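Rule-based calculations on the coordinates, nothing more; no lab input. All of these numbers come straight from a predicted model, not from anything done at the bench.
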Amino acid sequence: LTCKNETDTKTFTVHVLKDDSTTLENYLVASYNFDDESLTNQKDTDKPAVAKTKNLASDYAGDITYEAGRSGKAVRLGQYGLDLNQKNLGKEFTVSAWMKPDGTFSENQILMFLGHYEANVAEQWMGISGKTNGTNTCKIWGKGGNLSTWTTFFSPEISSDGWHRITLTGKENTLSAYLDGELIGTTDQSNNPLDGENMGLYIGVNFWDKMFSGLVDDVRVYNKAITGS
């Protein structure tokens with residue numbers, strides 16, 4: 001950029017920062033903010049989230065409870081969890097949710113679950129669960145696919161002192177985890193939990209364990225592994 005006046009000519013270097021927001025919107029497949037006190041998917045209203053009972057046994061028939069969230073409203077989980085109604089996204093994905101636990105976790109209490117399990121069908125999943133009874137210690141772990149046994153990759157501390165943003169991204173055989181925007185870790189042993197048939201995405205409920213108790217807000221799902229930035 002060159003600027004001139006009657007006596008001087010000065011040259012400046014201009015750095016242009018790319019705005020990725022439009023690009024990210026192209027990959028966004030689901031967004032739930034709960035502000036209208038519903039499980040509506042703002043990105044695709046034909047695919048709302050569904051409240052599920054423990055062990056995904058059936059749809060929850062009672063009233064869904066909403067409370068003040070980190071912004072607007074949040075949904076309260078405990079008697080039910082959420083099926084995000086997003087299946088088979090492939091090897092590349094990002095799922096992010098703000099969560100406010102009611103307290104410490106019990107062993108295997110489920111926060112986030114990706115994948116599937118059916119009787120007499122090989123399981124294939126990754127999850128974020130409580131690790132040790134009565135603590136804030138969690139585990140990001142999985143089984144099935146290329147994981148022949150239960151495998152724990154990371155053990156983050158998720159305290160009950162307020163809201164925390166939990167994000168998982170997947171690409172090829174790589175899984176990365178973030179807590180409050182900071183990278184927890186990356187593994188190249190991912191079993192691609194959303195690549196296959198009937199591979200679901202759930203918040204606060206899975207096929208076996210105690211459900212998450214607390215508030216959830218601003219859940220977003222992308223069909224791309226977005227960058228840490």
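Figures for the structure shown
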| item | result |
| --- | --- |
| The stretch 15-120 - Kirkwood radius from inverse mean 1/r over Cα pairs (Å) | 16.0 |
| Ratio Rg/Rh, restricted to the chain and using Cα atoms, in which Rh is the Kirkwood radius | 1.09 |
| The stretch 94-229, Cα convex hull volume normalised per residue, Å³ | 98 |
| Debye log10 I(q)/I(0) at q = 0.18, 0.22, 0.28 Å⁻¹ for the stretch 154-216, Cα point scatterers | -0.85, -1.16, -1.28 |
| Gain in span if fully extended, THR137 to ASN173, counting 0.36 nm per residue against the direct Cα distance | 10.4 nm |
